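The values are calculated or read from the model by the stated rules, or taken from the named source; none is laboratory data. These numbers were taken from a predicted model, which means no experiment stands behind them. Cβ sites come from the backbone with ideal geometry, for glycine too, and all protein chains shown count toward neighbours. In case anyone asks, the SASA skips ligands and DNA or RNA and just uses the protein heavy atoms, side chains included. Shrake-Rupley method; radii C 1.70, N 1.55, O 1.52, S 1.80 Å.
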Protein chains: 2
Amino acid sequence: MRTLDIIAEKRNGRKLSSESIRALVEGYVQGQIPDYQVSAFLMAVYFRSMDDEETVTLTRAIIDSGVTVDFSGLPSPAVGKHSTGGVGDKTSLIVAPLAASCGMFVPMISGRGLGHTGGTLDKLESIPGFNVNLSLAQFKEQVGGIGCALIGQTAELAPADKKLYALRDVTATVESIPLIVASIISKKVAEGDTGLVLDVKTGSGAFMKTLESSRALAEALVRTGRLLGMEVTALITSMEEPLGHAVGNSVEVVESVEVLRGGGPEDLREVSLALAAEMALLAGKARSLEEAGNILNQKIVAGDALEKFRQIIAAQGGDPRIVDDDQLLPMASHRCEVKAPRKGFVKSILAEPIGKAAMLLGAGRETVEAGIDPAAAVWVRKKTGEEVDAGEPLCTLEFNDDRRLREAIALAESAFALGDSRPDAVRRILERIAAK
Amino acid sequence: MRTLDIIAEKRNGRKLSSESIRALVEGYVQGQIPDYQVSAFLMAVYFRSMDDEETVTLTRAIIDSGVTVDFSGLPSPAVGKHSTGGVGDKTSLIVAPLAASCGMFVPMISGRGLGHTGGTLDKLESIPGFNVNLSLAQFKEQVGGIGCALIGQTAELAPADKKLYALRDVTATVESIPLIVASIISKKVAEGDTGLVLDVKTGSGAFMKTLESSRALAEALVRTGRLLGMEVTALITSMEEPLGHAVGNSVEVVESVEVLRGGGPEDLREVSLALAAEMALLAGKARSLEEAGNILNQKIVAGDALEKFRQIIAAQGGDPRIVDDDQLLPMASHRCEVKAPRKGFVKSILAEPIGKAAMLLGAGRETVEAGIDPAAAVWVRKKTGEEVDAGEPLCTLEFNDDRRLREAIALAESAFALGDSRPDAVRRILERIAAK
């Protein structure tokens with residue numbers, strides 16, 4: 001079948017054969033099918049979607065465009081974790097060492113931040129010396145040795161995803177469930193996971209704004225992962241306000257250490273422990289979520305989780321002393337407070353303008369090529385539901401570069417809504433979708 | 001607005017601003033916007049369509065990508081004619097000299113054949129010496145002088161259309177009414193028409209298969225042309241069976257001459273005269289279609305129409321003697337008849353397999369780059385409704401190259417359906433849509 005006919009078939013709402021989907025992905029990766037045909041195809045998929053069989057074939061074709069890491073020789077299943085992204089979402093930095101401290105094997109390949117959301121790689125690189133560019137052999141050895149490695153996407157794993165994602169990003173074809181699912185699941189299968197816990201964010205600060213769309217994505221992820229032989233659990237968690245207090249890079253490392261030490265913000269702790277508990281269940285380390293929660297708490301109290309983080313940092317060339325002395329992390333030279341204009345209760349904090357304010361200060365990037373300032377940050381001082389006096393700080397902006405400070409302040413101010421009565425408590429974990 | 005945002009707006013079903021549409025067309029023509037963004041945009045338009053205002057802006061942007069011929073100095077309005085394409089559709093070869101013989105000014109820029117449909121340029125080039133590549137200055141002078149010139153698309157007129165059409169052709173985005181309308185109307189405005197008669201084909205052999213879709217296209221063409229200052233009339237005509245008997249290139253010239261001489265197949269004569277009568281009305285040469293019909297018949301009977309064809313051929317370097325001696329046209333060296341397997345009535349003749357059979361014999365091209373054989377042809381001997389004896393010829397295949405003859409015979413055979421009773425007469429002109 002010619003590429004033109006494959007595009008027309010999908011455009012007409014027909015189900016594509018496995019041969020057609022494979023020919024398209026392979027032809028694109030090999031440079032035989034031009035960008036302009038693939039982008040038209042992706043837009044047709046945006047409108048017509050794909051059923052589970054097509055999505056699985058697409059995912060499999062993307063996996064087969066590169067190599068797959070094999071962790072089957074390990075004594076327990078490799079379990080991955082993926083978040084669809086939010087503001088202040090540093091759960092990977094907590095969950096990975098915590099899970100590894102319980103004896104789980106956690107291979108973790110992460111991305112960089114773009115726009116108002118941060119990226120795990122950028123956060124890790126704020127640790128002096130930390131190297132996210134391990135070879136696949138080093139990656140595999142470190143996971144087998146200390147239970148966890150945290151690296152960036154390599155050219156060997158799912159190269160078709162990299163090429164397709166770059167094209168989707170500039171053709172308004174990112175927001176398609178089968179394309180999102182194929183992108184996420186292909187990388188997780190390629191990185192060697194046999195179990196996977198997904199944190200699907202929902203709300204105004206998330207990619208998926210409504211519970212319905214988040215549920216549809218979570219269900220498609222779970223179904224597709226399962227059809228490809230993984231055990232998958234998804235939690236749908238709230239992304240109305242930023243997660244925790246810290247939004248930036250080094251500040252998110254600081255806050256992650258607080259949680260690994262047994263403290264930290266309540267919402268961040270709750271979501272992180274829930275994700276780690278699901279991983280423990282998939283890895284066979286616990287028979288119930290309650291038992292898993294107990295094990296995780298013991299590891300935190302005993303200092304094992306924090307020690308595992310030190311081990312990972314040291315193994316990847318970073319300075320493990322940052323765990324005990326956050327002054328060793330990059331710090332911003334200036335700060336500025338956004339104060340409450342009146343007395344009242346914080347009714348809501350929009351995650352997106354907070355994330356964008358942090359980006360404008362240098363914590364994130366507007367374009368893929370831009371550099372970042374690891375020290376730039378927004379600290380959320382008052383969370384939703386808290387009482388505040390007029391003039392009390394709502395958040396603190398930390399920065400070295402003040403060129404876009406005014407814009408950042410305006411965004412941060414706009415993010416907070418104050419009211420006269422205490423709002424209802426926010427539910428952080430909204431749904432659990434499991435397939436086992 | 002960034003290109004990405006323009007794509008996303010259209011994808012989300014929003015109406016695009018005039019600035020956005022112009023920025024897209026201009027950026028694409030100037031090479032600043034890549035193919036892969038434009039093809040995603042075109043697919044979004046396929047699904048979301050465009051309203052009249054957007055379509056007019058798109059058409060105007062395409063016109064403005066090149067120069068526009070100005071015929072406003074002529075004593076009567078320049079009137080164009082366009083057909084959406086069918087098998088055996090040689091009406092341009094008849095209508096252009098016929099209209100010009102009545103004192104109308106008929107600038108006509110045509111295309112080449114592709115797939116199962118032929119192209120006016122290929123037919124004209126079967127006339128020895130005929131040059132379709134006039135400069136715009138020559139084109140304008142000839143129209144002003146003898147009332148008509150028949151040329152191919154030039155790089156100066158609507159270059160954006162050429163670039164957009166080539167992209168649509170390989171990305172399954174041809175079949176979109178606003179994109180079809182912008183492509184047709186932009187070229188007609190650029191060639192200097194102030195009046196336009198459209199022959200929108202409908203039926204199994206046409207681009208638009210149903211009367212509803214043909215009507216939607218015709219109405220959009222008429223509305224858009226009118227909003228751009230043209231007077232436009234559309235006829236919806238049947239393309240169930242091939243028009244006339246001749247399908248090919250030189251054979252279609254022969255049959256056109258027959259009609260200009262007052263003979264020729266009834267269906268071809270009816271459609272050609274109806275189109276020319278509409279042109280006469282738009283050009284102010286007649287006050288009613290009846291009066292227009294009388295004038296046209298007089299011009300045919302007096303030999304003026306045929307003489308105008310000789311003039312045009314001579315003006316463009318061709319041999320005008322072909323009008324009186326069709327042996328001067330390329331003739332195929334071989335022929336082969338497809339005979340009726342039984343006695344009966346011709347119930348239907350599918351235009352598409354007949355057109356494809358002619359293409360396989362060399363009359364058309366499968367790809368844009370392919371060459372053609374001007375002599376290759378299919379002559380339809382029996383038309384729908386005619387009675388036939390077993391063994392009588394249904395059609396004759398004429399060819400020089402027999403490499404795909406078997407395939408062509410099979411297609412020609414498959415095109416004819418015979419029955420026991422005479423079918424109802426086919427209506428050739430189904431609807432008239434006028435805006436004046």
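Out of the residues in region B:5-46 that are β-branched (Val, Ile, Thr) and part of a helix (DSSP H, G or I), which is surrounded by the fewest Cβ atoms within 10 Å (Cβ to Cβ)?
The residue in question is B:Val29.
Collect the residues in region A:213-245 that are of a type outside the set (A, V, I, L, M, F, W, C) and within 16 Å of A:Glu53 (Cβ to Cβ), keeping them in residue-number order.
Of everything in region A:213-245, those that are of a type outside the set (A, V, I, L, M, F, W, C) and within 16 Å of A:Glu53 (Cβ to Cβ) turn out to be A:Glu219, A:Arg223, A:Thr224, A:Gly225, A:Arg226, A:Gly229.
Got a sec? Which of B:Asp70, B:Asp89 is among the acidic types (Asp, Glu) and surrounded by 24 or more Cβ atoms within 10 Å (Cβ to Cβ)?
After ruling out the rest, the residue left standing is B:Asp89.
Among the residues of region A:139-178, what is the count of those that are over 17 Å from the mean Cα position of the chain (by Cα), of a type outside the set (Asp, Glu) and part of a helix (DSSP H, G or I)?
Result for region A:139-178: 15.
Against the condition aromatic (Phe, Trp, Tyr) and touching an Asp or Glu at 6+ places or on another chain (Cβ under 8 Å), how does B:Phe309 come out, does it pass?
Criteria not met by B:Phe309.
Quick one: is A:Ile312 touching a residue at least 12 places away in the same chain (Cβ under 8 Å) and in a helix (DSSP H, G or I)?
yes
Pick from region B:47-64 the residues that are surrounded by 24 or more Cβ atoms within 10 Å (Cβ to Cβ) and of a type outside the set (A, V, I, L, M): which of them is nearest to A:Ala8 (Cα to Cα)?
Across region B:47-64, the extreme among qualifying residues is B:Thr55.
Can you find even one residue in region B:271-292 that is farther than 22 Å from B:Val79 by Cα and not small (Gly, Ala, Ser)?
no
Only one of these conditions is not met by B:Thr117: (1) in contact (Cβ under 8 Å) with a residue 60 or more places away in the chain; (2) surrounded by fewer than 24 Cβ atoms within 10 Å (Cβ to Cβ). Which number is it?
All conditions are met except number (2).
Does A:Arg112 satisfy the condition of being more than 14 Å from chain B (Cβ to nearest Cβ) and either of a type in the set (Val, Ile, Thr) or part of a loop (DSSP other than H, G, I, E, B) (or both)?
yes
List every residue pair whose Cβ atoms sit under 6 Å apart, with the two residues 6 or more apart in sequence or on different chains, where the first one lies in region A:24-53 and is within 13 Å of chain B (Cβ to nearest Cβ) and the second, anywhere, is open to solvent by 20 Å² or more (accessible area, probe 1.4 Å).
A:Ile33/A:Thr3; A:Asp35/B:Tyr36; A:Tyr36/B:Asp35; A:Tyr36/B:Tyr36; A:Gln37/A:Thr3; A:Ser39/B:Tyr36; A:Phe47/B:Phe47; A:Arg48/A:Gly13
Given the conditions (1) open to solvent by 20 Å² or more (accessible area, probe 1.4 Å); (2) touching a Lys or Arg at 6+ places or on another chain (Cβ under 7 Å); (3) within 28 Å of B:Ala370 (Cα to Cα), report the number of the one that B:Gly129 does not fulfil.
Going through (1) open to solvent by 20 Å² or more (accessible area, probe 1.4 Å); (2) touching a Lys or Arg at 6+ places or on another chain (Cβ under 7 Å); (3) within 28 Å of B:Ala370 (Cα to Cα) one by one, B:Gly129 breaks only (2).
Suppose we filter A:Glu191, A:Glu156 for residues that are more than 14 Å from every other protein chain (Cβ to nearest Cβ), open to solvent by 20 Å² or more (accessible area, probe 1.4 Å) and closer than 18 Å to A:Phe139 by Cα; which single one remains?
Going through A:Glu191, A:Glu156 in turn, just one is more than 14 Å from every other protein chain (Cβ to nearest Cβ), open to solvent by 20 Å² or more (accessible area, probe 1.4 Å) and closer than 18 Å to A:Phe139 by Cα: A:Glu156.
Can you tell me which residue in region B:141-153 is most open to solvent (accessible area, probe 1.4 Å), limited to those that are out of contact with any helix residue (DSSP H, G or I) (no Cβ under 7 Å at 6 or more places or on another chain) and closer than 19 Å to B:Leu93 by Cα?
Filtering first and then ranking leaves B:Gly145.
For region B:417-436, give me the residue count where each residue is in contact with a helix residue (DSSP H, G or I) (Cβ under 9 Å, 6 or more places away or on another chain) and either acidic (Asp, Glu) or assigned to a strand (DSSP E or B) (or both).
Count: 7.
Every residue, every condition in (1) over 30 Å from B:Gly225 (Cα atoms); (2) open to solvent by less than 60 Å² (accessible area, probe 1.4 Å), yes or no:
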| residue | (1), (2) |
| --- | --- |
| B:Gly385 | yes, yes |
| B:Leu394 | yes, yes |
| B:Asp402 | yes, no |
| B:Ala417 | yes, yes |
| B:Ile429 | no, yes |
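Quick one: which residue in A:Gln327, A:Gln298 is open to solvent by 70 Å² or more (accessible area, probe 1.4 Å), without any contact (Cβ under 8 Å) to a residue 40 or more places away in the chain, under 30 Å from A:Arg406 (Cβ atoms) and out of contact with any helix residue (DSSP H, G or I) (no Cβ under 7 Å at 6 or more places or on another chain)?
It is A:Gln327.
Return the residue satisfying two criteria in turn: it lies in region A:343-399 and is among the polar types (S, T, N, Q) and assigned to a loop (DSSP other than H, G, I, E, B), and of such residues it is nearest to A:Leu411 (Cα to Cα).
Of everything passing the filter in region A:343-399, A:Thr384 is nearest to A:Leu411 (Cα to Cα).
Among the residues in region B:228-237, are any crowded, with 24+ Cβ neighbours inside 10 Å, closer than 21 Å to B:Ala351 by Cα, in contact with a helix residue (DSSP H, G or I) (Cβ under 8 Å, 6 or more places away or on another chain) and not aliphatic (A, V, I, L, M)?
Checking region B:228-237: at least one residue is crowded, with 24+ Cβ neighbours inside 10 Å, closer than 21 Å to B:Ala351 by Cα, in contact with a helix residue (DSSP H, G or I) (Cβ under 8 Å, 6 or more places away or on another chain) and not aliphatic (A, V, I, L, M).
Whether any residue in region B:34-45 is out of contact with any Pro (no Cβ under 6 Å at 6 or more places or on another chain), at pLDDT 95 or above and over 18 Å from A:Ser39 (Cβ atoms) is what I want to check.
no
How about region A:1-23: which of its residues are within 14 Å of chain B (Cβ to nearest Cβ) and either of a type in the set (Ser, Thr, Tyr) or closer than 16 Å to A:Ile180 by Cβ (or both)?
Scanning region A:1-23 gives A:Thr3, A:Ser20.
Does A:Leu164 count as within 14 Å of another protein chain (Cβ to nearest Cβ) and either over 29 Å from A:Ile312 (Cβ atoms) or surrounded by 19 or more Cβ atoms within 10 Å (Cβ to Cβ) (or both)?
yes
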